[in-house]
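The values are calculated or read from the model by the stated rules, or taken from the named source; none is laboratory data. Please read all numbers here as calculations on a predicted model, not as lab measurements. In this analysis, Cβ positions are derived from the backbone assuming ideal geometry, glycine residues included, and neighbour counts consider all displayed protein chains.
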């Protein structure tokens, strides 16, 4: 009887510990543009470490792989503060929690206004450059294994450009000024200590460059994608599929020169990418990526093969040409290197070969 009584006691203890772990460190993805990534760069640079793969969104476990090998006592005051902010960011306090579940929400208000005395002087920028007037990011976290996230926003339509009047604001006080394509971040993600999967809408950014990367950049507001990653401290594999509809308009291309049967619109267009990252001695990271754009074709399982050389499918021959003999398919090859030989010194470079005929 005594041995049988120990089982529920031990199970109850494990449940309590698991619940405490969920609340202390929920599984989450850190988005491109999050200030935590700037803190991560600073900490790694001060510690003389090279980040394995700066391809946000990153999971909290990927960021902790850097923090776990960082000697926080050797950091400068600024880097130590960044280290503390990272720890706080990775262990947020939920608004509501119960066993196996946590809910977090924040209200963000950013009001901007401008006045000009001379209406003949144009305003700088358009609606796309104005911050959202109101944001309400909401995240739900389950058993330290899954995140459901949505961030509704109220902001100006990116095509809106104020030309008249003496007053400008980022508050869309008329229905015609509201960007109706929100939310710009909405996804579900789940994973564990060495893997994660994310599907939905979010920003992507593959690379170390500050002002845009050659393969995947965060210049668009969002991508519609699915991504699977496996990683350790020194290796990472990423598979990405993103939906890139084709819309060719007269203001971007002179469509009058195209044949009548030329394809100018298609929702069946996808970009497939796989990427391999390796980190040598925490000093040198190398990344190799290959991608394939397939135009006017539904999602295809064969392009999800993680080890196939995409170029060697010669898939361009299997689909109708766009116009004038131009293929709708093309492959791309990308190489990135990051090297931190000593503390406070970092080198990086990217090479991309595009328009490989397939």
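Among the residues making up the stretch 39-76, those that are in a loop (DSSP other than H, G, I, E, B), more than 19 Å from residue 29 (Cα to Cα) and in contact (Cβ under 8 Å) with a residue 60 or more places away in the chain are 48, 49, 50, 69. Scanning the stretch 168-188 for residues that are touching a strand residue (DSSP E or B) at 6+ places or on another chain (Cβ under 6 Å) and farther than 19 Å from residue 221 by Cα gives 168, 169. Whenever a residue of the stretch 275-296 is at positive phi and surrounded by 16 or more Cβ atoms within 10 Å (Cβ to Cβ), its partners that are modelled with pLDDT under 90 and part of a strand (DSSP E or B), lying with C-beta atoms within less than 7 angstrom and at least six residues away or across chains, give the pairs 296/266; 296/269. The requirement of being touching a helix residue (DSSP H, G or I) at 6+ places or on another chain (Cβ under 7 Å) and assigned to a loop (DSSP other than H, G, I, E, B) is fulfilled somewhere in the stretch 79-91, by at least one residue. Out of everything in the stretch 322-352 that is within 14 Å of residue 293 (Cβ to Cβ) and surrounded by fewer than 16 Cβ atoms within 10 Å (Cβ to Cβ), what residue ends up being modelled with the lowest pLDDT? Across the stretch 322-352, the extreme among qualifying residues is 326. Are there strands (runs of 3 or more DSSP E) fully within the stretch 94-193 with at least 3 residues that are buried (at least 16 other Cβ atoms within 10 Å of the Cβ) and either under 22 Å from the mean Cα position of the chain (by Cα) or in contact (Cβ under 8 Å) with a residue 12 or more places away in the chain (or both)? List them. In the stretch 94-193, the matching strands (runs of 3 or more DSSP E) lie at 101-105, 138-142, 146-150, 186-192.
Rundown of residues vs (1) touching a helix residue (DSSP H, G or I) at 6+ places or on another chain (Cβ under 6 Å); (2) modelled with pLDDT of 95 or more; (3) crowded, with 18+ Cβ neighbours inside 10 Å, yes/no style:
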| residue | (1), (2), (3) |
| --- | --- |
| 203 | no, no, yes |
| 212 | no, no, no |
| 217 | no, no, no |
| 223 | no, no, yes |
| 238 | no, yes, yes |
| 247 | no, no, no |
